[in-house]
Amino acid sequence: MSADRPAGSPPLLEMRNITKRFPGVVACEGISLDLRAGEIHALLGENGAGKSTLMNVLYGLATPNEGEILMDGQPIEIASPHDAIERGISMVHQHFMLIPVLSVADNILLGDEPMRRGGLLDKGRAAETIRELGKSLDWEIDPNRPVGQLSVGWQQRVEILKAIYRNAKILVLDEPTAVLTPQETREIFEVLRRLKAEGYAIIFISHKLYEVLEIADRITVIRRGRVVGSRRPTETNEDELAEMMVGREVQLTVDRGESHPTTAALEVDDLVVRDDRGREVVHGVSFEVRAGEIFGIAGVAGNGQDELVGAITGLRKPQSGSVSLAGEDVTGAGPRRLHRLGVGFVPGDRHRFGMVMSFPIADNLVLNDYYHPPYSRGMAWNPEAIKADAKAAIEKYDVRTPSASLLADTLSGGNQQKVVVAREFEGHLKLLVLDQPTRGLDVGSIEFIHSQAIARRDAGVAVLLVSAELDEVLELSDRIAVMYRGRIVEVLDGRTADKEDVGLLMATGGRESGIQEQVVEDVA
Amino acid sequence: MIARVRSVALIPALSVVLALLVGAMIMILTSPLVVDSFSLTLPLEAYVAMISGAFGSLNGIVNTFANATPLLLAGLGIGIGFKGGLFNIGGPGQMVIGALVGTTVALALNDASPIVAIPAALIGGMVGGAIYGFIPGALKAFTGAHEVVVTIMLNFVAFSIISWAVSGPLIGTGVTFARTDDIQAAALPVIIGRNGHLGILVAAVAVPIVYWLLYRSTTGFEIRTTGANPDAARYAGMRPRGVIVLTMSLAGLFAGLAGIIQILGPQTGFLAASYTAPVGFEAIAVALLGRAHPVGIMFAALLFGAMQAGTNNMQILGLPPQMVDILQAVILLFITADIVVRRVFRVREQAGELVEIASVSRSYGGGGTGTAGT
Amino acid sequence: MEALYDIPVIGLVIQFVVYVLTQFPLVAPIIVAGAVPIVLGALCGFMNERTGVVNIGIEGMMLIAAFVAWWGASLASEVIPIRSGPLGITPALLIGLAAGIGAACLISALHAWLSVSLRADQIISGTIINLFAIGVTGYLNILVSATAPPSGGQFGSINLPDALTDLPVIGLLLESFIEVGPIALTMLISVILLQFLLYRSRWGLRTRAVGEHPRAAETVGIDVIRLRWRNVVMGGIFAGLAGAYLTIEFGDAFQSGMTNGRGFIALAALIFGRWTPVGAFLGALLFTASVGLERSIRIAPPPGELGELLTAIPGEFYNALPYLITIIVLAGVVGKSIPPAADGKPYQREGKAA
């Protein structure tokens, strides 16, 4: 990186030899990074490479074991986010740090509130400040609306306003595009370019190659807690970056081969589903998935996909409509009956649904088969049979662990997901429902799971893939349905679908470009 | 095996040692009020008196076991709750209702044969407790009302119920305060010593039953899965709502059994309107000290039972019996603040140590019952 | 009016309302006097739970404060000659009050240490406090009572000029709320002040933020641990006032276990009042009104059918009513009460452990 450094003034920010160890893991190992005013420096790496930890160190959320941080050439100490904010560092977190019940104004001003005398808040000045702040980026924003009522895109904007309000010089954005449509992403990029022109220094974290190539002035690649190298976008390409990121040559596109769909395995007809708060969020959805094809559902998170998947997999009772499996009506059937009929389900949030982290791996492998022989007889449990089968599954699905009796908690994210896959991809499958199957995983695990899914398809299983990652849907699906506000607005051919088109459909439900409204009534 | 027991039992054991030291300090500080001048030997005398009271004679040992019996049974109930992710503060209420129902049955069978009356009264106690556990379980499962608050409230409702029942319909003839007649046929026979009654055996049998239920049965797997992750339980095709109701009912069942055995035993023999079953609270400490494991709970109950059996001897020294309550609270304090124990005794934290209990009350706040949306 | 009484059912309801209205002025002082420690206890819970710390140890904190305030006043009155000031305020009583508050704050600090710093289960921490309070106050009470200590006295009531108390309605309210004594007056001021500060002050906004989403609060530079500590310890002030009220304002003696579940009713009032000071205040009044009603039915039952009906209901029912109402509110049968989102969840700063 020293080659990049022009003579003269020291960089605005410099992180030197940052090492951060957690019990049993080294998250960052001697990472050095510098940043100048008016540039966008991208930090590229796989999930779990150490990007977020590094930024948490910068933001005072984590204390490094070694290394130092310099600002304008002077060593500084950042022990808490408070210190970071004082130094002009602001961060937009991957998981929004917004408080749903508080208003937009309260969320933005929190921690640096305009005050009247006696410790009282100045609500009038607060609202005024927010309006002006919004106007500076051409955003019309209602300061008094609770943040919980805003769409994801607008929540992102509130996060950016939060950073600007604090007079930041340095802006850190951790995977800011993960939840956005291509159109929203482009809009955020516009804003970032504007901020850059105004002299902000921006750190942009991502694992998406084309994004960093588009927006960054410099790209630093991190792999397994170490810096692999730095490039300028003009000097590199996706293939090189991918290889740096993963450490070996990567096939950027999946070879999915030809599909040979036969009869309909899953038929969903006019399905209406309500969410936890009792509001109708799926309005009469119909589609079918044929045996031997991958049917992908694309959509911005919170457009009813969770509830649709819930209704198909038995976690949620549909309001009306029907679901049938190979001709048999299974509307409102519970997870156990569906499992017996040959439905495998990889849930979107494996920590919440897929696994019991405080249980041994072996017990997790029988989570939905524990109640029948050989694993139990009557009420009596058979630990030997469970252990023996667990051993076999661990080998077959390449779960990296010394023993099946270790707790699931001890596994890496990728290996945890392999346990789920080992459980759900087995048996006489008719339908496989994959909900965000690769979220947060490393490239190796992603490839493994994708290839397994294609293998099942080729074996004649119907695969329903739901993902907010548009790239994943485009790569795997034989047919793509776009879901918008609880409806399937269009079904496209997976091989010919254009990313821009799908993005537009996701964002607007149609093909005319336009900004998504500020408020959505169906926030998940 | 030895290493495993050591890793599980070390902190509780050391907590007890530290608590005894803290108790000694309190006794020394308050010794001017006890013996009119500061006395450094008072704690030593007190603990010697306590140990000899609990183990020094046959009756002492029997008293230890008799005192441990309700603690063990109620502690097992609370332990089952912990495994199911439920923090049952309702021990006193469940014991009271168990005692009330059981006593009603016992009084009705006062002239029957003990062979009929005793099982009937015990079953009455279990049913009463189970019903009183069922209520918070059902409320939790179907409305999300947090069991901690509901069981606290139900305790006081139970105190009102028993106060009404015993000073009204169940009041005995010619009694000097609000209590029932003496229980005759269902009174638990004494097997050994002065207080060594049949209930001790019932409690002893309950330990392996609960162990099998929790760790060797599919129902136990469902309880533990629901406790660890109710969403995963639902995903796996279990019925977390039903499991929550079952868990709370089982917890109440054992508490109710504890309550009725306390009443049927030779130490009581009748039900008073003022019966509030503080054992139900102490059983929380027992369950936590025993790390929610049936065998651990058994040892914890015996320890607490021994301390209570030793109080009579301590009172001879002029020490109020509440010293035992202080010791119990401090033991629980050190188990919770195990960092202190580790510092004092230089015990290093081991990977994979039991951490299940740390998260029992995680869902007090907004929703999070994981059973929403069917 | 009387003509309406003969309508079936509705007539009874009307009679009941008339009865309650006529009896209310008579039992109002009982209701308020009974509500004071419950409201104060609820304010302690409010300070805890709004920042995300569940406190089921209010009962124990109150019990310890009650004992310490009484003992402190008693000891002080032996040393300092009694010199009564206005409202019956004596130095000994002030010392007792300070000692009671100090003790409750100390126990609150224990709660904060366990549940905020050590991130222990907050229910367990509360259980420890309750068990310890029963033990330590029972132990000391037996030892101290044996020495036959003198009474430290009690705060007197505030006498308002007749011109004010003679006013219709307002006079009654003033009399009920203000004439009880200085601690009761402090309670009333605290409720109004805390309600105002919760929504209008920086402290209130930050407290709500930390109770809802502590990590978000931390990322904007708020020290979550410190704010939780401060609020929990300050909550001890109110538990201290509640305990002291029992032994040096409402009465002048200590009995074992004298809080008698008030700390738990306080928790109930807090939940009923949806975690706001004014709500908890109204909840506490409603709960004690149920007890006041029972008393008035026993002393002066209404005539006729209604009287027969009401006296047929056992008195225990009215005692259980507050708890039943709380369960109903929690279950969402009538307007569900939802706690702050992070209530009961220990907060761990990311990556600070290593």
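In a Gaussian network model over chain C where Cα atoms closer than 10 Å are linked, find which of C:287, C:272, C:177 has the largest mean-square fluctuation. Per the Cα network of chain C with a 10 Å cutoff, C:177 tops the list. Taking only the Cα atoms of region B:46-141, the radius of gyration and Dmax are 17.0, 49 Å. The value for region A:1-113 of Rg(Cα) / (2.2 N^0.38 Å) is 1.17. If you wrap the Cα atoms of the protein assembly as shown in a convex hull and average its projected area over all directions, you get 54.3 nm².
What does the charge add up to near residue A:199, with Lys and Arg as +1, Asp and Glu as -1, over the other residues with Cβ less than 13 Å from its Cβ? My count for the surroundings of residue A:199 gives +3. An ellipsoid equivalent to region C:31-85, defined through the eigenvalues of its Cα gyration tensor, has semi-axes of 29, 14, 10 Å when rounded to whole angstrom and sorted largest first.
Eigen-decomposition of the gyration tensor built on the alpha-carbon atoms of chain A gives equivalent ellipsoid semi-axes of 41, 28, 23 angstrom, largest listed first. Near residue A:162, once Lys and Arg are set to +1 and Asp and Glu to -1 for all other residues with Cβ below 12 Å from its Cβ, the sum equals -1. Computed on region A:187-245, with alpha-carbon pairs under 8 angstrom and 6+ residues apart, the relative contact order is 26 percent.
In plain terms, the residue of A:69, A:76 with the fewest other Cβ atoms within 10 Å comes first and the most crowded comes last, giving A:76, A:69. Derived scalar couplings between HN and Hα for region A:287-302 equal 6, 9, 10, 8, 4, x, 9, 9, 9, x, 10, 9, x, 5, 3, x Hz in order, rounded to whole Hz, by the Karplus curve 6.51 cos²θ - 1.76 cosθ + 1.60 (θ = phi - 60°), x for Gly and Pro. Hey, in the GNM for chain B with a 10 angstrom Cα cutoff, which one of B:224, B:348, B:194 fluctuates hardest? Residue with maximal mean-square fluctuation among B:224, B:348, B:194: B:348. Largest mean-square fluctuation among C:93, C:306, C:285, in a Gaussian network model of chain C whose springs join Cα atoms under 10 Å apart, belongs to C:306. In this structure, the amide hydrogen of residue A:229, modeled 1.01 Å from its nitrogen in the peptide plane, lies closer than 5 angstrom to those of A:221, counting only residues at least 5 positions away or on a different chain. Spatially, region B:202-260 and region B:309-342 are offset by 31 Å when compared through their Cα centroids.
Quick test of the membrane-span-like rule: which DSSP H helices of chain B reach at least 27 Å along their long axis (C-alpha atoms) with mean Kyte hydropathy at least -1.0? What comes out of the filter, once short or polar helices are dropped, is B:2-35, B:58-83, B:114-143, B:147-167, B:240-264.
Ordering B:345, B:299, A:295 by the number of other Cβ atoms within 10 Å of each residue's own Cβ, fewest first, gives B:345, B:299, A:295.
From the Kirkwood radius over Cα pairs of region B:250-335, Stokes-Einstein at 37 °C and 0.692 mPa s returns a whole-number translational diffusion coefficient of 232 µm²/s. Based on the Stokes-Einstein relation at 20 °C and a viscosity of 1.002 mPa s, and on the Kirkwood radius from alpha carbon pairs, chain C is assigned a translational diffusion coefficient of 99 µm²/s.
The distance linking region B:15-73 with region A:127-195 is 65 Å (Cα centroid to Cα centroid, whole angstrom). As a rough footprinting exposure proxy, the listed residues A:135, A:418 were ranked by other beta carbons within 10 Å of their own, and the order from fewest upward is A:135, A:418. The alpha-carbon atoms of region B:198-292, seen along their principal axes, cover 49, 26, 23 angstrom, with the largest extent given first. Helices that extend 27 Å or more along their long axis by alpha-carbon positions and average at least 1.6 on the Kyte-Doolittle scale are, among the DSSP H runs of chain C, C:10-49, C:91-112. In the protein assembly as shown, helices alone account for a calculated mean residue ellipticity at 222 nm of -17000 deg cm²/dmol, with every DSSP H run of four or more residues adding -39,500 (n - 2.57). Comparing Cα centroids, region C:133-194 and region A:351-416 end up 61 angstrom apart. Between amide H atoms placed 1.01 Å from N, distances below 5 Å from residue A:13 occur with A:35, A:72, all of them 5 or more places distant or on a separate chain.
Every number here is computed from the coordinates shown, using simple stated rules; none is lab data. Being a predicted model, the structure only gives us computed values, none of them experimental. For neighbour counting, all protein chains shown are included, and Cβ atoms are generated from backbone atoms with ideal geometry for every residue, glycine included.
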